[in-house]
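These notes are about the structure you will find just below.
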Amino acid sequence: MSSTSENITEAARRILRENDRGGYTVPTAGLYPYQWNWDSAIAALGFAEFDMNRAWQEIETLFAGQWETGMVPHILFHKPDAGYFPGPDVWQGVGPTQSTGITQPPVAATMARMVYDRDPAMGKARLSALFPKIRAWHSWFLKWRLDSENAVCVTHPWESGRDNAPEWDLVLKTMTAEGVGEYTRKDTSHVDASMRPTKFDYDRYIWLVQQGARLKWDQQALREQSPFRMADPTTTFLLLRAHRDLLAVGERLDLDVTGMAEEVTLLEAGARSLWNTELGSFDARNATTGEFANCMSNASFLCWYGGIDEAGQLEKLRASLTETRFPVASHPTDSDRYDSCRYWRGPTWAFMNMMIGFGLEDCGHADLAQEVRTKTAELIETYGFAEYFDSTSGAPAGGDTFTWTAAVWLAWAGSQAKGTL
């Protein structure tokens, strides 16, 4: 490894330490002052490169906030922070820790399996203790979030992890956000507003939060009343992969995995149902109307991560890799909704690239996996540990000193600098 790469590796470790709040990491100071669900699971993979105990602690702290229903919230509000909105007073979560009332894409099982594989002897007891909690979360998805074709739905754009993705535009335009009231955003005081969701979108985000709080986060009521219920490629592919991984570790640890193989088959059928023939890509679908969003995204390329090797999507990826300097753009550059720096409407995200790369490698597409990895390594080496990046220029965007970008370097992209796969 070059001295430059060694310096970057040490910087990545330092970011994880500096964002550590005692058992959990924040994504970055200021903009995101709490524990985020999928950020935290990815942070664990980064910690596993130099502190195995801390890696397990990250996941354990996340599941300490699990609700009785099995749901694991998308944010745990461990300590008050006036610099973030909407806070626990708006969300009115009902779990053991103050939290939001929605979840996030379930990457924890996969990250836990990867951490375990690094040191099975140390991880056996800790993963065995986590197993029933993770399975309860997956069961919650299976009970409450499948659409008529068994794809996994989200009930808030934030729940998808891809807040302002163009896939949500059509349904958000049908919402009036009537009565949402006055509020003060805090995100745009930390980051240039041109990089964040618009006020039109944010009004509807807050309206959905207020509706959930009014309904006390009752999933049956939300299923019946929420105007936002979208079958999401991200959540679908990630739950499919996570359930496969949970089944594998359950068998390895001699735990009860009754029914899990059948659930994997169900989720795989749901994932395949997201193929939009007209678009030639995996796509989000309105669970109420059955209509596709007709929108390809970097989430479409998570199919291989979910174990689905789709030749048509592979051709879309090859084309995408020629369109921008750095992969993988979150939205196609030739779309009228493309925005090079606005969150999920064009920029590239290192952690999404990592999951796409893992999937490509698993499905035997080593050349493309290598390309995504090499270019992601170059991106971080050149532009640092930003939240996300302009996919055409590489310019850093969003928050800085970002936990999951540092974790991606440590667990995946940085090994490119070592000449290993």
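Summary table
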read-out	value
Complete set of residues in the range 185-210 that are more than 18 Å from Pro33 (Cβ to Cβ), open to solvent by 20 Å² or more (accessible area, probe 1.4 Å) and not in a helix (DSSP H, G or I)	Asp192, Thr198
Residue within the range 265-280 that is free of Cβ contacts under 8 Å to residues at least 12 places away in the same chain and under 26 Å from Val171 (Cα atoms) present	yes
3 or more residues within 29 Å of Val191 (Cβ to Cβ), in contact with a Gly (Cβ under 7 Å, 6 or more places away or on another chain) and touching a residue at least 24 places away in the same chain (Cβ under 8 Å): qualifying helices (runs of 4 or more DSSP H) within the range 356-421	366-383
Residue among Gly346, Gly280 that alone is farther than 22 Å from Glu378 by Cα and at pLDDT 95 or above	Gly280
Residues that are in contact (Cβ under 8 Å) with a residue 40 or more places away in the chain and assigned to a loop (DSSP other than H, G, I, E, B), drawn from the range 211-224	Lys216, Trp217
Any pair with Cβ under 6 angstrom, 6 or more apart, that starts in the range 239-251 at a residue that is within 16 Å of Val115 (Cβ to Cβ) and ends at one that is part of a helix (DSSP H, G or I) and among the small types (Gly, Ala, Ser)	Ala242/Ala109; Asp245/Ala109; Leu246/Ala109
Matching option when the condition is acidic (Asp, Glu), modelled with pLDDT of 95 or more, part of a loop (DSSP other than H, G, I, E, B) and open to solvent by less than 50 Å² (accessible area, probe 1.4 Å), among Asp169, Asp163	Asp163
Hits in the range 71-86 (condition: within 22 Å of Val180 (Cα to Cα), of a type in the set (A, V, I, L, M, F, W, C) and at pLDDT 95 or above)	Ile75
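The values are calculated or read from the model by the stated rules, or taken from the named source; none is laboratory data. A quick note: this is a predicted structure, and the numbers were derived from the prediction, not measured. When we count neighbours, we look across all protein chains shown, and the Cβ atoms used for this are built from the backbone with ideal geometry, even at glycine. For the accessible areas, the whole protein counts, side chains as well, though only heavy atoms, and no ligand, DNA or RNA atoms are used. Shrake-Rupley method; radii C 1.70, N 1.55, O 1.52, S 1.80 Å.
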